[in-house]
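Worksheet: the structure to be examined is printed underneath.
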Amino acid sequence: MQRSHPPLLARLAAGAALLAVPASAPAAEPLTIPAIMARDWIGTPPERPYWSEDGKSVYFERRRPGSELTDLYRVEVGSGVTTRIEESARGMAEAPGGVLSRDRRRRLFLRRGDLFLAGPGRGKMRQLTRTDAEESAPLFLAGERRAAFRQGNRFYALDLEEGTLAELADLRLEEDPAPAPAAGFLGEQQRRLFASVRDAVARREEAAEADRRSRAEDPTRAPAPWYLGKDQELLEAALAPSGRHVVVVLGPKRGEREAEPDGAPGGVEESMPVWVTESGYLEVRKVRPKVGTGEATTPTVALLDLATRERRDLDLALLPGAQEDPLASLRAAARAAQAASHATQEPAKEPGKAAQAEPAQSSPERALRLDALAWNEAGTLLALQVTAHDHKDRWLALVDPATGALTPVDRQRDAAWVGWRFDDFGWMRDGASLWFLSEESGFSHLYVAGAGSRRQLTRGPFEVDRPQLARDGASFLVEANREAPGIVEIYRVSAADGAMTRLTTFGGHARALPSPDEKQLLLTLSSVTGPPELYVQPGRPAAAAKRLTTTVSPEFAAVDWVRPEVLPIPSRHGAGEIWARLYTPPGWSETGRYPAVLFVHGAGYLQNAHQGWSSYFREFMFHTLLARRGYVVLDLDYRASAGYGRDWRTAIYRQMGTPELEDLEDGVAWLVEQKRVDPARIGVYGGSYGGFLTLMALFKRPELFAAGAALRPVTDWAHYNHGYTSAILNTPEVDPEAYRASSPIELAEGLARPLLLCHGMVDDNVVFQDTVRLVQRLIELGKTELFETAIYPVEPH
């Protein structure tokens with residue numbers, strides 16, 4: 001959703017004649033479309049930074065210019081000396097992530113699918129596995145003498161002192177091969193009549209019992225496999241740190257043409273032709289299914305007791321409100337509308353023939369999905385996060401593995417949909433309560449809850465994100481836009497009373513990683529005109545930050561970029577303030593009369609009017625080019641954008657393209673009133689969701705813009721993916737009116753101004769079919785003089 005096409009930007013730049021740019025635009029150093037689109041012209045910023053074990057160095061990766069390969073670097077915090085780690089040494093260099101022992105002195109981590117152990121002191125590292133198989137899920141077992149890991153569908157424990165490898169659990173998606181006595185009348189008759197049959201059954205059962213007893217009592221043998229069923233798919237499995245239990249999540253086995261991307265509950269995959277191929281022949285790839293084409297099911301969550309060989313299945317339907325149907329009224333309305341439509345289309349019935357009554361229909365059983373699970377440090381409690389497939393509820397619950405008892409600790413309910421983000425949770429140090437994020441108050445805030453207790457730690461009209469619990473459990477490190485919606489700083493939050501202490505004062509966009517001793521912060525900082533760089537700051541309020549990296553190219557740094565002003569625009573539609581980036585032409589004057597361009601960001605739920613480096617960095621550069629040519633450029637965070645709370649996000653529920661278009665209208669009015677913009681010379685462009693909104697603007701308010709360019713646009717939401725679309729519009733069968741009101745293809749007759757449609761033919765997100773269908777609709781509506789298309793045969797989204 002962040003991609004732009006070089007030819008498209010060139011066409012947009014060359015299309016200035018549509019808006020009649022003044023010839024007196026100020027001169028500046030050359031800035032061209034090829035330069036903007038050059039991949040490495042900006043430089044290659046640091047990626048995936050992490051601390052060394054001793055906290056004296058920082059590691060990070062940088063992509064090689066012109067390549068997808070990355071190099072690993074180490075920078076000494078004290079001296080600032082940066083060294084590239086040779087490829088031959090990367091295998092034994094320190095690595096990020098992993099799990100710590102309780103005394104925080106040892107760490108298990110994975111590198112390229114193998115398991116390593118890091119101990120006290122720099123360079124104290126030991127490789128534990130070296131296999132072609134993929135190891136995963138490392139953890140220290142109780143007593144911390146053994147390290148456990150998963151390989152495929154098996155769990156192992158490695159004795160760190162003796163080196164003995166023991167299998168803990170073998171999970172098999174098969175039926176138990178041990179034959180049971182034949183059932184039914186004939187089987188019972190055979191055993192009753194024939195001693196030879198009875199003896200054979202008894203010997204078989206005796207051998208099976210002896211094998212089970214031997215595996216249980218003989219420490220030199222591996223335990224018996226767990227047979228979970230041949231028609232099952234293993235969605236998740238996690239070993240408890242106690243080594244006693246494994247939780248498994250099972251779902252029905254999907255067919256070859258079924259997929260589950262983006263949270264979709266299965267469905268038939270779409271076909272995407274690939275025209276330019278290595279072989280020279282047309283190829284067809286399978287991509288994500290359309291919304292509503294699958295059948296949602298609730299997974300089976302089972303606890304396996306490795307000591308007693310007992311299995312306990314959890315009943316997720318016991319969660320409060322889990323069996324309600326929040327879409328019941330919409331289902332009924334859709335059925336009534338369908339019945340009325342059928343009635344008008346059916347031929348007249350023969351005289352005297354009675355009409356047959358329609359069978360009564362009830363709401364389907366509500367399907368749930370398991371989003372995440374986490375054992376506490378001792379393995380005595382399991383936490384589950386569960387969300388309804390209809391997106392209206394999210395629950396947190398605790399499970400006692402000894403009994404299988406399920407205790408709900410939190411329920412988030414939203415009449416629209418619970419958000420895709422702000423679902424972080426984790427264990428407090430007491431091992432009995434959870435911290436988590438929730439939008440219950442209208443903004444993402446931090447909470448702590450256990451069985452029978454619940455506290456909100458932070459509050460206010462701002463968003464808290466990415467909490468990290470301190471080692472002593474007394475505080476959290478969080479990101480928050482408390483100062484302004486577009487400024488993200490780092491704060492320390494007291495776990496006792498929620499008091500917030502601001503640690504950084506950068507005024508841009510900050511992300512932090514505490515050092516191993518938690519006395520320093522590794523910061524990734526960016527600004528409106530500067531890509532992310534690494535800094536180190538003592539973990540004190542307003543302490544000076546030391547810069548560790550400078551990765552922008554000299555060519556990029558030499559450009560006098562037009563720095564956008566980030567400001568609020570008043571809403572005339574009751575939305576409060578609409579934040580935006582404003583690019584003003586150099587030499588702008590109160591006496592001028594200027595053309596303008598509105599840029600509409602994509603992704604739907606994304607924030608672009610902030611003080612950090614934009615994911616739309618090419619558009620940022622393109623907007624400098626436009627401003628230098630005399631355009632005023634406005635980039636709005638319309639309703640549905642991130643950063644402004646729950647109500648801003650859910651304003652588009654069942655009406656995509658309505659509140660956002662109101663915000664674009666308010667932006668146009670503000671430009672005309674405040675920035676001397678000519679209302680007859682305003683264009684609009686955007687990609688993905690921005691392309692969708694461009695179409696909605698041209699189709700619903702054709703007088704608002706002189707022209708528009710829609711890049712890779714969604715033209716019909718019934719053709720988009722399930723996870724995103726069903727949250728906002730439900731599904732087409734349940735809520736057809738929401739799809740009709742929100743899809744540009746239904747409104748195409750409104751086109752009255754020039755439109756440029758641009759799409760990559762191998763777009764596996766918004767598939768090329770979206771644009772093809774809209775083109776055919778416009779042809780049939782007689783709009784051929786009003787639109788052009790530009791296609792890109794090898795471009796994805």
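The values are calculated or read from the model by the stated rules, or taken from the named source; none is laboratory data. No experiment lies behind these values; they were computed from the predicted model shown. Don't worry about glycine lacking a Cβ; one is built from the backbone with ideal geometry, like all the others, and counts go over all protein chains shown. In case anyone asks, the SASA skips ligands and DNA or RNA and just uses the protein heavy atoms, side chains included. Shrake-Rupley method; radii C 1.70, N 1.55, O 1.52, S 1.80 Å.
Remind me, relative contact order of the chain in percent, using alpha carbon pairs under 8 angstrom and six or more residues apart?
Details: 1682 pairs, mean separation 81.3, N = 797.
Relative CO of the chain lands at 10 percent.
Provide the net charge surrounding LEU117, with neighbours chosen by a C-beta distance below 10 Å and charges set as Lys +1, Arg +1, Asp -1, Glu -1.
Numbers: positive: ARG106, ARG107, LYS124, ARG126; negative: none.
Cβ neighbours under 10 Å give a net charge of +4.
Would you please give the FRET efficiency between ARG773 and GLU673, computed as 1/(1 + (r/R0)^6) with r the Cβ-Cβ distance and R0 = 45 Å, to the nearest 0.05?
Values: r = 39 Å, r/R0 = 0.86.
So, using R0 = 45 Å, E works out to roughly 0.70.
For ALA415 and GLU703 in the same chain, what is the full-extension length gain: residue separation times 0.36 nm, less their Cα-Cα distance, in nm?
In short, 100.2 nm is gained.
What order do you get for 568-575, 143-150 when each peptide is scored by the mean count of other beta carbon atoms within 10 Å, highest first?
On the way: 568-575: 14.9, 143-150: 18.2.
Put in order of decreasing packing, that is 143-150, 568-575.
Count the net charge of all other residues whose Cβ sits under 15 Å from the Cβ of GLU489, scoring Lys and Arg as +1 and Asp and Glu as -1. Walk me through the numbers before you get to the answer.
Details: positive: ARG466, ARG482, ARG492, ARG502, ARG511, ARG540; negative: GLU463, ASP465, GLU479, GLU483.
Residues close to GLU489 contribute a combined charge of +2.
By how many nm would the segment from ARG459 to THR658 lengthen if fully extended, with 0.36 nm per residue of separation less the alpha-carbon distance?
Working: separation 199, 0.36 × 199 = 71.64 nm, distance 3.00 nm.
My answer for the length gained is 68.6 nm.
Distance in nm between label sites at SER527 and ASP71, each 7 Å beyond Cα in the beta-carbon direction?
So the two model labels end up 2.7 nm from each other.
Using a cut-off of 13 Å between beta-carbons, work out the net charge of the residues near LEU747 (Lys and Arg +1, Asp and Glu -1, LEU747 not included).
So the surrounding residues net to +2.
I'd like to check one number: the per residue accessible area of the range 752-797, probe 1.4 Å, reported in Å² as a whole number. Present the calculation step by step, with values, prior to reporting the outcome.
On the way: 2100 Å² over 46 residues.
Computed with neighbouring chains in place, this is 46 Å² per residue.
Specify whether the C-alpha gyration tensor of the chain places it in the rounded, prolate or oblate class, a ≥ b ≥ c being the square roots of the eigenvalues: rounded for a/c under 1.5, otherwise prolate if a/b is larger than b/c and oblate if not.
Since a/c reaches 1.5 but b/c is at least a/b, the shape of the chain is classed as oblate.
Could you work out how far apart the two model spin labels at THR220 and ALA343 are, taking each label as a point 7 Å from the Cα in the direction of the beta carbon, and quote it in nm?
Result for the modelled spin labels: 8.0 nm.
Note the angle between two axes, namely the Cα long axis of helix 184-193 and the longest principal axis of the Cα atoms of the chain, as a number of degrees from 0 to 90, rounded to the nearest 10.
In the chain, helix 184-193 runs at an angle near 20 degrees to the longest axis.
So which of LYS675/LYS783; LYS675/LYS700; LYS290/LYS392; LYS546/LYS675; LYS290/LYS700 end up more than 28 Å apart, counting from Cα to Cα?
Values: LYS675/LYS783 33 Å; LYS675/LYS700 25 Å; LYS290/LYS392 21 Å; LYS546/LYS675 39 Å; LYS290/LYS700 25 Å.
Going by Cα-Cα distance, LYS675/LYS783; LYS546/LYS675 fall outside the 28 Å limit.
Quick check: pseudo-label points 7 Å beyond the Cα along Cα→Cβ at ASP647 and VAL268, how many nm apart are they?
4.4
So for the chain: antiparallel DSSP bridges make up what percent, rounded to the nearest 5? Write down the numbers at each step before the final one.
Values: 135 of 164 bridges.
Percent antiparallel among DSSP bridges in the chain is about 80.
How high is the FRET efficiency from GLU324 to ASN153, r the C-beta distance, R0 22 Å, rounded to 0.05? Present the calculation step by step, with values, prior to reporting the outcome.
Working: r = 35 Å, r/R0 = 1.60.
Plugging the Cβ-Cβ distance into 1/(1 + (r/R0)^6) gives 0.05.
Taking the Cα atoms only, what angle lies between the long axis of helix 617-628 and the longest principal axis of the chain, rounded to 10 degrees?
10
Just tell me which lysines come within less than 17 Å, Cα to Cα, of LYS124; anything on the same chain fewer than 8 places away is out.
The reachable lysines, counting only those whose Cα sits under 17 Å from LYS124, are LYS56.
I'd like the carbon and sulfur percentage of the solvent accessible area for the chain, probe radius 1.4 Å, heavy atoms only, ligands and nucleic acids excluded. Intermediate values should be presented prior to the final figure.
On the way: 18240 of 35740 Å².
The nonpolar share, carbon plus sulfur, comes to 51 percent.
May I ask for the distance between the Cα centers of the range 367-383 and the range 176-203, given as a whole number of Å?
42
From a point 7 Å beyond the Cα of THR789 in the direction of its Cβ, which residues of the range 268-297 have a backbone N at a distance under 18 Å?
Those under the cut-off are 271-276.
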